[in-house]
Amino acid sequence: MTEALLKLENIARNFGAIQALRGVDLEVGRGEVVALLGDNGAGKSTLVKIIAGGLQPSSGRMIFEGMERSFASPAEAKAAGIETVYQDLSLCTNVDVVANFFMGREIVKKYFGIPVLQEAAMYSAVEKAMANAGTRIPSLRTNVEHLSGGQRQAIELNRFVHWGGKLVLLDEPFAALGVEQTRRGLDTVRRIADQGIGVVIITHIMAQAFQVADRIVVIRQGVVAGNVRAAETSPDEVVRMITGEALRSPAQETRLNGRSP
Ligand SMILES: Nc1ncnc2c1ncn2[C@@H]1O[C@H](COP(=O)(O)OP(=O)(O)OP(=O)(O)O)[C@@H](O)[C@H]1O
Ligand SMILES: [Mg+2]
């Protein structure tokens, strides 16, 4: 097996007396989509914030690309290639798609000492990135304010991949989207994973997890209550992991199958 992109070991985090996370181990591979499921207050968002540098763990280790790392801020995590993508919070609505893609990283050439924006080069780079991800935007010259939530999300994801992102975190990314936009969002997630990006996606919707994830990890009361390949589990089993309903013991299973233990 190849080395994991991200490896968490025994991550704990408390908020005063509240133990939000109590020793979480988690691995995410390159090109792997991990869905995080769990009840309200289970610790999912806390975990994702720790990975993205928005919160620091109380204890535990985080290994990214084979090196132990600790991110003091989201900017540090971002510099390492880890980013949380929100629906539209980080886009500038009053400029077009191309400008958003190159915000702060514009291609400029100097002619006789005068900087000139390389509009055509930037346009074709964005066009290519969108085509790679199968994202269709009516016009890249449209100001982002006129685009839908799903389109904005796709732009953010494509921008993340374009600038060398390695691990993307999504906390209930489709909560505000309609059926068709959610379907496209799930497609985009799958496509960026197929380009080698690791994805951690929090969702409360079981069908979404099964649709997009390679692996399903259930968090319950601050610990990992289940970690299974999506192809080898069922919604029923995942529900039992979420609620903590006792799973049958192997001995019971054997009896039920009509064999003596
Ligand atoms: N900043 C904070 N200060 C104090 N307690 C917090 C803070 N953030 C989270 N918690 C507590 O930590 C626990 C885990 O919260 P978290 O937001 O990670 O849950 P979650 O699994 O994302 O839930 P949901 O599905 O409702 O979003 C909860 O008990 C929550 O109240
Ligand atoms: Mg949450």
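Here are a few things to note about the model shown:
- Rg to Rh quotient for the stretch 178-247, alpha carbon positions, Kirkwood Rh: 1.00
- Applying a DSSP loop filter and a limit of 12 other Cβ atoms within 10 Å to the trypsin sites (Lys or Arg not before Pro) in the stretch 131-179 leaves Arg136, Arg141.
- For the stretch 84-214, share of DSSP beta bridges that run antiparallel, in % to the nearest 5: 45
- Cα-based convex hull, the stretch 1-143, per residue volume (Å³, whole number): 185
- Within a straight-line Cα-Cα reach of under 19 Å, Lys44 can be paired with the following lysines, leaving aside sequence neighbours fewer than 8 residues apart in one chain: Lys7.
- P(r) of the stretch 82-165 over all Cα-Cα pairs, binned every 10 Å from zero, in whole percent: 18, 52, 24, 6, 0
- Convex hull volume per residue for the chain, taking Cα atoms only, in Å³: 162
- Spatial separation of Cα centroids for the stretch 165-215 and the stretch 1-26, in angstrom: 21
- GNM flexibility winner over the chain from Lys78, Lys109, Lys49 (Cα, springs under 10 Å): Lys109
- Under-5 Å amide H pairs with Leu37, H placed in peptide plane, nonlocal only: Val217, Val218, Ile219
Bear in mind that the values in this text are calculations on the coordinates, not laboratory data. This is a predicted model, so every value here is computed, not measured. Backbone-built Cβ (ideal geometry, glycine too); neighbour counts: all protein chains shown.
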